[in-house]
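One structure is given below, encoded as structure tokens.
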Amino acid sequence: MTEQKAEAWVLRLTRIWSPGQRDVLAITPESRMIMIRITPKVKLQIWVDDEDSPDSITLWETRWRTRLWCDMNNGVAAITPQFSGGMSEKDEELATQFVSEWMPAFRRGCWLSGCPIEATADEKAEWMQGFTREEIEAWNLKM
């Protein structure tokens with residue numbers, strides 16, 4: 001990925017995931033990875049493939065070692081929550097709460113970032129609100 005494409009991804013991810021806030025943690029064009037901070041405790045990591053499309057997107061909650069993961073496998077995106085082992089019962093409850101709280105935004109963000117997750121036309125139409133026609137076309141999003 002070129003530096004220019006990496007910067008375009010950063011702008012897109014910032015627009016989708018955290019409007020008005022830009023806190024880039026890492027850009028590594030060589031490895032095609034970008035990481036941005038969504039909140040003080042939540043980070044987004046995206047790996048981009050050779051065709052400049054998302055290969056995987058991960059939303060990390062650092063305190064409870066929990067993540068939501070969207071992985072591309074043969075053109076199909078699967079979203080799964082993942083938990084670290086060895087958590088206390090209270091931490092497990094907080095991790096489950098994180099998944100419940102973030103799953104709708106994660107699904108929206110994954111689709112807007114280019115992962116072909118399953119979603120209804122109504123969901124997609126709602127998710128596109130607030131974005132310009134030029135953005136939707138440039139991002140190659142389809143209803």
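The values are calculated or read from the model by the stated rules, or taken from the named source; none is laboratory data. Bear in mind that the values here come from a model prediction, so they are computed numbers and not experimental data. Here the Cβ is made from the backbone with ideal geometry for all residues, glycine too, and neighbour counts use every protein chain on show.
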For segment 68-91, the count of residues that are surrounded by fewer than 19 Cβ atoms within 10 Å (Cβ to Cβ), of a type outside the set (A, V, I, L, M) and in contact (Cβ under 8 Å) with a residue 24 or more places away in the chain equals 2
Under the condition of being farther than 21 Å from Glu101 by Cα and in a strand (DSSP E or B), which residue from segment 66-83 is modelled with the highest pLDDT? Met72
Selected residue (only one of Thr14, Thr39 is modelled with pLDDT of 80 or more, of a type in the set (S, T, N, Q) and in contact with a Lys or Arg (Cβ under 7 Å, 6 or more places away or on another chain)): Thr14
So Ala95 clears everything in (1) surrounded by fewer than 15 Cβ atoms within 10 Å (Cβ to Cβ); (2) in contact (Cβ under 8 Å) with a residue 12 or more places away in the chain; (3) more than 12 Å from the chain's Cα centre (by Cα) except one condition, right? Which one? (1)
With the condition kept exactly as written, say whether any residue in segment 51-65 is buried (at least 16 other Cβ atoms within 10 Å of the Cβ), in contact (Cβ under 8 Å) with a residue 12 or more places away in the chain and in a helix (DSSP H, G or I). no
Can you work out which of the residues in segment 118-143 that are basic (Lys, Arg) and not in a loop (DSSP other than H, G, I, E, B) is nearest to Phe106 (Cα to Cα)? Lys124
So which residues in segment 84-111 are under 29 Å from Asp49 (Cβ atoms), of a type in the set (Gly, Ala, Ser) and at pLDDT 85 or above? Ala105, Gly109
So Met33 ticks every box in (1) at pLDDT below 80; (2) on the phi < 0 side of the Ramachandran plot but one. Which box is left unticked? (1)
Met87 vs (1) under 25 Å from Thr14 (Cβ atoms); (2) in a loop (DSSP other than H, G, I, E, B); (3) in contact with a Leu (Cβ under 9 Å, 6 or more places away or on another chain); (4) not β-branched (Val, Ile, Thr): all pass except (1)
When segment 112-122 is examined, which residues are found to be modelled with pLDDT under 95 and charged (D, E, K, R)? Glu118
Please work out which residue is farthest from the chain's Cα centre (by Cα), limiting yourself to segment 102-117 and to residues that are part of a loop (DSSP other than H, G, I, E, B) and of a type in the set (Gly, Ala, Ser). Gly114
Which residue is farthest from Trp17 (Cα to Cα), if the candidates are limited to segment 98-117 and must be touching a residue at least 12 places away in the same chain (Cβ under 8 Å) and among the charged types (D, E, K, R)? Arg107
